[in-house]
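The next block holds one structure in the form of structure tokens; read it before the comments.
The values are calculated or read from the model by the stated rules, or taken from the named source; none is laboratory data. As the structure is a computational prediction, the values presented were derived from the model and not from experiment. Reconstructed Cβ throughout: ideal geometry from the backbone, glycine too, with neighbour counts over all protein chains shown.
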Amino acid sequence: MPPSSVRIGLLGCGVVGQGLLKLLRERERLIRDSVGAPIQVSRVAVRDPGKRRECELSGIHVGTDAMAVAEASDVDLLVELAGGEAMLEPVRAALRRGIPVVTANKHILALHGEELERLAGESKTTIRCEASAGGGIPVLQALDHGLRTENFQLLVAILNGTTNFILSTMARDGRDFAEALAAAQTLGFAEADPTLDLSGQDTAQKLSILVRRAFRMDVAFSSIPTEGIIGMELEDLRQADRFGYTVKLLGIALRHPEGLDVRVHPAFIPKRYLLAAVRDEFNGIYLRGEATGSMLFYGKGAGANPTAQAVLGDVVVTARECVSGVKLLGTPPMRDPEQRLPLDQVRTKYYLRLLVEDRPGVLAQVAANLGATNVSVAQMFQAEGVRGEASITILTHHAKDKDVREAVAGIAKLPTTRKTPRAVRIFDI
Ligand SMILES: NC(=O)c1ccc[n+]([C@@H]2O[C@H](COP(=O)([O-])OP(=O)(O)OC[C@H]3O[C@@H](n4cnc5c(N)ncnc54)[C@H](OP(=O)(O)O)[C@@H]3O)[C@@H](O)[C@H]2O)c1
């Protein structure tokens, strides 16, 4: 007998949880027709049950014990929207007893994704996580289903709305980093503590989730070389513009004959790239597949409604499985472990900006440092500065990443160098 309704246990009733409850109510009829039975929220766990919420909770058991919800007999589907490591045990508990899970928690997926998917498989259930990477963009469902059997060579993505908003604001309005960050905070695009976003860690977590789907490879997020946008100066964005580039914080996964190159860092990208048009708080995921060629997924990476819609998509598919008893396809099977290409060995172009003493012989010293590690100059621009200083901008040809970093370290130590050189990779393949 198919169940007369699918009962949800909801962990967290914050921005996304409230958005989900609102959509469940507003789209009740469409959801029931899609699932084949109504969806009811039977239990909710929050930190503070006394807090005022923008949603109707009457008739729902509201408590503070997430584990009790995960283990409750009146829960057919666990939806985890509380976030953080504390939700790992409740999610494990639900999966162990064969209860499917929908979560938006990039943290536990990036750290424990392999284990949670194995647990789900062992219990013949599923864990879905569309909202954990790319927010409202349905890229994981596309990778799990329509693109499941595609071979991808390249994934380049803008996965963090906060940093994209900051870089877009700096470039467009000529504001410096601190002003653009303050604007992002005022508009609610940045957390009070934006460290995870600015450091690139948030992008690395999402990239590890995407690489798992697109390349069917388990890449621990802690193993991804990661650099954020802290230290990015307005002058770097001006120079990027001068040379026909725009600056983005990228998550990159690129297949080379020697192995998979996975990294997160800010990069100059040509203005003609589709990703260059992904501005402000928007996200974009560019994929290049063997059969499909180029594709761009574009949309909102965060916010109550877009994220709740992504969660609802997973909820509907999973609830449909509960009703029909037929499991749809889950995460694609992993390939045999593949070699990784270490960042040191990656060949890339670089943008360098140096502040040096403006006197004869200085340029020769800079050139000698670059030449010593086989880094050749593609373009150079020198501007006279104040106080006997000169600002030199250099674009290099492709060189090994390690060699460029060694050259830059050498230049930084020259007595004629006035400021730590700025060095940003150019992603132009
Ligand atoms: N916001 C977005 O745009 C967005 C986008 C993509 C993914 N996500 C992910 O979605 C998840 C939820 O994000 P959010 O923005 O909705 O967060 P939020 O507004 O901070 O809400 C978190 C909710 O979880 C509850 N909670 C926290 N710890 C708990 C615990 N130990 N036990 C029980 N309840 C607990 C909180 O209770 P109280 O309300 O009582 O404090 C709150 O209702 C996170 O994993 C986040 O990374 C969010």
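Here are the numbers for this structure:
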read-out: Qualifying residues in the range 122-134 (those that are more than 9 Å from the ligand (Cβ to nearest atom) and within 22 Å of Val316 (Cβ to Cβ)) - the one surrounded by the fewest Cβ atoms within 10 Å (Cβ to Cβ); value: Lys124
read-out: Some residue of the range 35-43 being closer than 16 Å to Gly17 by Cα, outside any helix (DSSP H, G or I) and within 9 Å of the ligand (Cβ to nearest atom); value: no
read-out: Tally, over the range 58-71, of residues that are away from the ligand (no atom under 11 Å from the Cβ) and surrounded by fewer than 16 Cβ atoms within 10 Å (Cβ to Cβ); value: 3
read-out: Residues within the range 384-414 that are touching a residue at least 12 places away in the same chain (Cβ under 8 Å), more than 12 Å from Arg347 (Cα to Cα) and of a type in the set (A, V, I, L, M), tallied; value: 8
read-out: Unique match (being of a type in the set (D, E, K, R) and assigned to a loop (DSSP other than H, G, I, E, B)) among Lys51, Lys22; value: Lys51
read-out: Tabulated pairs, the range 82-106, first over 23 Å from Lys327 (Cβ atoms), second within 11 Å of the ligand (Cβ to nearest atom) and hydroxyl-bearing (Ser, Thr, Tyr), C-beta under 7 angstrom, 6+ apart or interchain; value: Lys106/Ser132
read-out: Residue identified as in contact (Cβ under 8 Å) with a residue 12 or more places away in the chain and away from the ligand (no atom under 11 Å from the Cβ) among Leu24, Leu20; value: Leu24
read-out: Those residues of the range 86-120 which are among the charged types (D, E, K, R), within 22 Å of Ala72 (Cβ to Cβ) and under 20 Å from the mean Cα position of the chain (by Cα), in sequence order; value: none
read-out: Subset tally (residues that are of a type in the set (Asp, Glu), part of a loop (DSSP other than H, G, I, E, B) and within 31 Å of the chain's Cα centre (by Cα)) for the range 54-82; value: 3
read-out: Residue within the range 121-141 that is in a strand (DSSP E or B), touching an Asp or Glu at 6+ places or on another chain (Cβ under 9 Å) and either touching a residue at least 12 places away in the same chain (Cβ under 8 Å) or not aliphatic (A, V, I, L, M) (or both) present; value: yes
read-out: Yes/no for Val75 being of a type in the set (A, V, I, L, M), touching a residue at least 40 places away in the same chain (Cβ under 8 Å), within 16 Å of the ligand (Cβ to nearest atom) and not assigned by TED's automatic domain parsing to the domain that holds Ala220; value: yes
read-out: Tally, over the range 289-329, of residues that are in a helix (DSSP H, G or I), closer than 30 Å to Leu167 by Cα and in contact with a strand residue (DSSP E or B) (Cβ under 7 Å, 6 or more places away or on another chain); value: 2
read-out: Filtered residue count, the range 186-208, keeping only those that are among the aliphatic types (A, V, I, L, M) and buried (at least 22 other Cβ atoms within 10 Å of the Cβ); value: 4
read-out: Unmet requirement for Asp48, which otherwise passes all of (1) acidic (Asp, Glu); (2) touching a residue at least 24 places away in the same chain (Cβ under 8 Å); (3) within 14 Å of the ligand (Cβ to nearest atom); value: (2)
read-out: Unique residue being within 24 Å of Asn305 (Cβ to Cβ) and touching a Phe, Trp or Tyr at 6+ places or on another chain (Cβ under 7 Å) when the list is Ile60, Ile137; value: Ile137
read-out: Hey, Thr203 under 12 Å from the mean Cα position of the chain (by Cα) and outside the structural domain of Asp401 (by TED's automatic domain parsing) or not; value: yes
read-out: Matching helices (runs of 4 or more DSSP H) fully within the range 192-288 where at least 2 residues are among the acidic types (Asp, Glu); value: 234-242
read-out: Filter result for the condition that a residue is buried (at least 19 other Cβ atoms within 10 Å of the Cβ) and either more than 13 Å from the ligand (Cβ to nearest atom) or among the hydrophobic types (A, V, I, L, M, F, W, C) (or both), over Leu88, Leu109; value: Leu109
